[in-house]
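The values are calculated or read from the model by the stated rules, or taken from the named source; none is laboratory data. Keep in mind that what you see is a predicted model, and the values were worked out from it rather than measured. Here the Cβ positions follow ideal geometry from the backbone for every residue, glycine too, while neighbour counts run over all protein chains shown. Accessible surface is based on the protein model in full, side chains and every heavy atom, while ligands, DNA and RNA are left aside. Shrake-Rupley method; radii C 1.70, N 1.55, O 1.52, S 1.80 Å.
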Amino acid sequence: MAATPPSSFHGAAITAMCLLLFFLVPTVTVSPVSGAETFNGSCIAAERGTLLSFKAGVTSDPSRLLKSWRGEDCCKWYGASCSSRTGHVVKLDLRNDFFVEDFDGLHDDQAVHWLRGQISSSLLSLCHLKHLDLSGNILGGNMSIPEFIGSLKSLTYLDLSNMNFSGRVPPQLGNLTKLAYLDINNDILDAYAFSSDVSWLASLHSLEYLDMSYVNLSVAVGWVHAVNKLPNLRGLYLINCGLNSSIPSLGHHNLTVLEELRLSHNPFNSPTAPNWYWDVTSLKVLDIEKCELSGPFPDELGNLTMFEALDMGWNSIEGMIPATLKNLCRLQAVYLAENNIGGDVTDLIERLPNCSWNSLQELILFETNITGTLKSVPNLTALSTLFLMKNHLSGSVPVEIGTLNYLAELHIGNNNFSGVISETHFSGLANLKSIDFSQTYLEVKVDSDWEPPFNLDRAFLSSCHLGPQIPNWLQWQKSISYLVMSDAGLIGKIPDWFWTTFSNAWLLDLSYNQISGGLPGCGKEELKQNNPSSSNSSRINSANSSSLGIRALLLRNNSLSGGFPLLLKQFQNLVFLDLSQNRFSRKLPTWISESMQRLLMLQLRSNNLSGHIPIEITCIFSLRILDLANNSFSGVMPRSLENLKALTTTVVALDTIDNPFQELYEYTSTASGQSNNDSLSLVIKGQVLEYGKNAIYLKSIDLSCNRLAGQIPEELGSLLGLINLNLSSNFLSGNIPYKIGNLQLLESLDLSNNLLFGEIPQGLSDLTSLSCLNLSYNNLSGRIPSGHQLDTLKTDDPTSMYIGNPGLCGHPLPKACPGDNPAQEDPARWHEDDSTQMDFHLGLTVGFLAGLWIIFCGLFFKKTWRYAYFSLCDKLYDKVHVFFVVTWKQWFRKPGTN
């Protein structure tokens with residue numbers, strides 16, 4: 001008897017199970033009575049048991065979503081729905097809408113929402129299940145999608161996206177021939193799902209929506225032909241799938257109703273045309289950004305008359321957009337950022353279809369190398385987003401821009417615009433939420449009592465002229481999240497209303513101005529009393545709360561003075577604080593750790609701060625960047641450095657820290673291309689470096705150029721995550737701690753210009769990440785340790801790392817250590833010394849022979865010389881003989897003899 005194939009046996013088991021459930025269902029008589037009355041509001045007992053088995057596979061339910069899964073009526077349980085006609089469970093929807101992609105950046109209020117565990121195979125008993133959505137829950141267990149899912153043949157809707165599935169996508173999904181919706185999007189950082197063969201897709205004839213984004217399909221041959229067999233497909237999403245080839249043409253295609261096609265972030269590395277999707281005239285949305293496409297824009301664009309959104313940004317396309325776009329009358333969004341379009345901006349705008357001016361909402365043209373002036377703005381009555389940054393546009397901004405009543409985002413920074421932005425430019429922009437005038441020559445000039453019609457969320461105004469004082473019109477912008485006014489020509493004091501108006505902003509940047517005076521020394525309630533517009537603010541915290549919501553405060557390079565600002569005591573949510581290069585003085589307060597427990601970066605370099613470094617500063621457990629350089633701090637270094645928990649670990653997890661630069665980066669990089677406003681200036685390796693969102697991963701201590709004395713604490717060796725350490729130009733003494741060799745991530749170490757003595761720890765040679773070292777001008781002695789890493793540092797001038805330490809010896813210094821021998825010396829150096837000695841001896845021999853030859857020739861050819869020479873020899877012989885005889889007799893004469 002032939003063995004039954006596993007698949008046949010599995011199918012027979014499912015059929016038997018469904019028949020069993022059929023007999024368990026109570027007999028139903030045909031009547032006009034409602035389903036609820038027929039089944040008395042309770043579900044089928046066997047299916048209730050199935051759901052309880054599924055619940056048993058859930059190991060974590062922090063939000064208690066399944067708390068309601070009790071009692072007899074499973075049709076009323078959270079996420080479960082039953083057929084009103086049969087009573088069978090037909091829908092299970094436990095979707096987690098709070099899912100976030102970055103596990104390292106989780107907040108407590110996000111992580112608690114998802115279910116954890118595994119999907120129980122008991123779901124096979126739900127034979128009538130049509131809708132299954134478990135997306136956003138960590139039920140994948142870092143394993144592949146279970147093959148038994150392919151046996152739920154009644155499914156028409158399946159969403160298993162972002163569930164931490166890895167491994168092969170099971171081809172058994174091709175058995176779900178009734179599916180209209182399939183989403184296995186795997187946009188999660190630590191999961192890796194793949195499919196080397198997608199031929200099973202051809203079986204899903206009813207499929208209307210397919211999302212396999214972030215599933216590796218790099219070796220899946222014929223994926224286009226498999227998709228072409230889905231005649232009902234309306235939406236296809238294959239984002240970042242590793243697709244590395246394009247199909248010029250399909251000949252005949254069945255995708256007659258395909259409306260949305262998203263293929264972005266795939267390395268096609270091919271010309272824009274020919275390509276199969278230009279023949280799909282039903283397309284409304286085409287997303288092929290970041291696909292490594294090249295060549296000119298295809299004329300075939302004009303054939304896609306149903307187009308509503310076109311995204312071809314971030315490619316290497318060159319040349320002006322084709323005139324064939326005139327036929328695209330439904331166009332709503334155009335994304336062409338970071339292509340080399342070139343040409344005049346007026347020509348480009350005129351090539352946009354005039355018939356779409358009433359529908360065009362988004363125009364994204366930043367960093368496209370376009371030139372010219374904006375002589376006028378077309379009557380784009382529906383325009384909400386205009387991005388023209390990082391081009392070569394010049395001239396003034398036309399006042400007609402104020403007639404674009406729906407405009408929400410106006411970003412024209414990093415251009416050569418000049419002239420004045422006046423109230424007229426803003427007259428009709430009641431919906432404006434985000435502006436970018438940064439890195440231009442524009443001057444924002446309005447009346448001091450002007451009240452703008454808009455309420456901004458983001459304002460990037462760096463390097464354009466706003467001054468001399470902080471503009472009064474900003475006090476009505478109470479919804480600001482990001483305000484950047486660095487290098488904007490501001491002088492004078494910061495008005496008190498500034499702190500209440502922007503009390504909940506995420507980032508305030510007023511760096512590189514000439515702002516003077518001190519910050520208030522008062523609390524929030526006093527500030528509110530001084531703010532004339534505080535009564536109208538919906539963003540101000542309640543009266544019983546004294547904490548401000550600011551996450552990042554950057555006041556670098558101004559003329560602010562006074563003691564450490566008492567106002568900062570209210571900044572309990574602060575993550576980044578940069579007060580560098582100001583005139584703050586006096587001591588650093590001890591309340592800094594209590595009031596700013598979430599602080600990640602504290603930069604106070606180049607001020608006039610003095611006194612001891614308070615040990616309380618080491619109680620800021622989240623602190624990653626501590627820069628107190630170039631002040632007048634004295635006393636000893638705190639020994640409780642091991643309390644800086646964020647520096648003691650090599651893990652890069654961000655715990656519960658809000659990173660305003662992360663959100664700013666994500667917003668600006670995907671929407672506006674803005675990059676110059678999201679940076680922090682940090683001094684690393686002797687130079688000022690700019691860090692963006694990645695500053696949060698840097699771990700650094702810089703206490704250089706102070707008056708610190710005493711020894712370097714041994715506890716420093718516990719800061720295993722430290723990347724930069726600078727203690728130079730102090731009065732530190734004692735030995736270099738040997739535990740410093742534990743800092744395996746250390747890239748830069750500067751202990752120069754101190755009073756350190758003793759030997760250099762051998763452990764320095766084990767710091768494989770070290771790329772910058774300076775131990776010069778101390779009292780160090782002994783042999784310089786050698787090692788592969790130390791021998792590769794500063795190869796152009798390695799002695800500069802150790803100069804000013806007379807007691808040091810050994811390579812790379814010219815001073816040899818006691819007991820050195822040629823075998824211990826560097827071979828190249830020994831060869832050099834040997835060559836020098838050989839040259840010396842050779843010169844000595846040649847000189848001796850030459851002198852001897854001159855004397856011999858003189859005696860041979862000159863008779864008078866011979867007489868004089870031999871006469872001298874005779875006299876010299878007589879004197880020596882007499883001296884010898886007299887001395888001999890004196891030494892050996894008998895006693896008593898005169």
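Can Ala323 be described as open to solvent by 10 Å² or more (accessible area, probe 1.4 Å), under 26 Å from Arg234 (Cβ atoms), among the aliphatic types (A, V, I, L, M) and over 26 Å from the mean Cα position of the chain (by Cα)?
On the way: open to solvent by 10 Å² or more (accessible area, probe 1.4 Å): yes; under 26 Å from Arg234 (Cβ atoms): no; among the aliphatic types (A, V, I, L, M): yes; over 26 Å from the mean Cα position of the chain (by Cα): yes.
So Ala323 fails the test.
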Legend entry - Single condition Tyr214 does not satisfy, out of (1) within 35 Å of the chain's Cα centre (by Cα); (2) in contact (Cβ under 8 Å) with a residue 40 or more places away in the chain: (2)
Inset, instruction - Go through (1) part of a helix (DSSP H, G or I); (2) in contact with a helix residue (DSSP H, G or I) (Cβ under 8 Å, 6 or more places away or on another chain); (3) buried (at least 20 other Cβ atoms within 10 Å of the Cβ) and name the single condition Tyr277 misses. - result: (2)
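Among strands (runs of 3 or more DSSP E) lying entirely in the stretch 577-650, which contain 3 or more residues that are open to solvent by 50 Å² or more (accessible area, probe 1.4 Å) and not hydroxyl-bearing (Ser, Thr, Tyr)?
Details: elements: 583-587, 601-603, 608-612, 625-627, 632-636.
In the stretch 577-650, the matching strands (runs of 3 or more DSSP E) lie at 583-587.
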Inset, instruction - Just name the residue that is farthest from Ser622 (Cα to Cα) out of those in the stretch 710-719 that are open to solvent by less than 70 Å² (accessible area, probe 1.4 Å) and within 34 Å of the chain's Cα centre (by Cα). - result: Ile712
Inset, instruction - Please verify whether the stretch 21-42 includes one or more residues that are modelled with pLDDT of 90 or more and either assigned to a helix (DSSP H, G or I) or open to solvent by 90 Å² or more (accessible area, probe 1.4 Å) (or both). - result: no
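Only residues that are touching a residue at least 60 places away in the same chain (Cβ under 8 Å) and over 18 Å from Lys587 (Cα atoms): list them for the stretch 608-624, please.
Within the stretch 608-624, the first condition is being touching a residue at least 60 places away in the same chain (Cβ under 8 Å), and the residues that meet it are 613, 624.
Across the stretch 608-624, the qualifying residue is only Arg624.
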Inset, instruction - Can you give me the ranges of the strands (runs of 3 or more DSSP E) entirely in the stretch 742-855 with at least 3 residues that are touching a strand residue (DSSP E or B) at 6+ places or on another chain (Cβ under 8 Å) and either modelled with pLDDT under 80 or among the polar types (S, T, N, Q) (or both)? - result: none
Legend entry - For Leu304: the one exception among (1) open to solvent by 10 Å² or more (accessible area, probe 1.4 Å); (2) touching a helix residue (DSSP H, G or I) at 6+ places or on another chain (Cβ under 8 Å): (1)
Legend entry - the stretch 251-266, subset open to solvent by 30 Å² or more (accessible area, probe 1.4 Å) and either under 23 Å from Ser195 (Cα atoms) or small (Gly, Ala, Ser) (or both), residue farthest from the chain's Cα centre (by Cα): Gly251
Legend entry - Within the stretch 47-65, tally of residues that are of a type in the set (A, V, I, L, M, F, W, C), closer than 24 Å to Thr86 by Cβ and open to solvent by less than 40 Å² (accessible area, probe 1.4 Å): 2
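Table: residues versus (1) open to solvent by less than 30 Å² (accessible area, probe 1.4 Å); (2) modelled with pLDDT of 90 or more.
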| position | (1), (2) |
| --- | --- |
| His131 | no, yes |
| Leu134 | yes, yes |
| Ile149 | yes, yes |
| Asp159 | yes, yes |
| Asp190 | no, no |
| Ala193 | yes, yes |
| Ala202 | yes, yes |
| Met212 | yes, yes |
Legend entry - Long-range neighbours under 8 Å by Cβ, at least six apart or interchain, first residue over 13 Å from Gly807 (Cα atoms) within the stretch 757-786, second β-branched (Val, Ile, Thr) and not in a loop (DSSP other than H, G, I, E, B): Pro761/Ile740; Gly763/Ile740; Leu764/Ile740
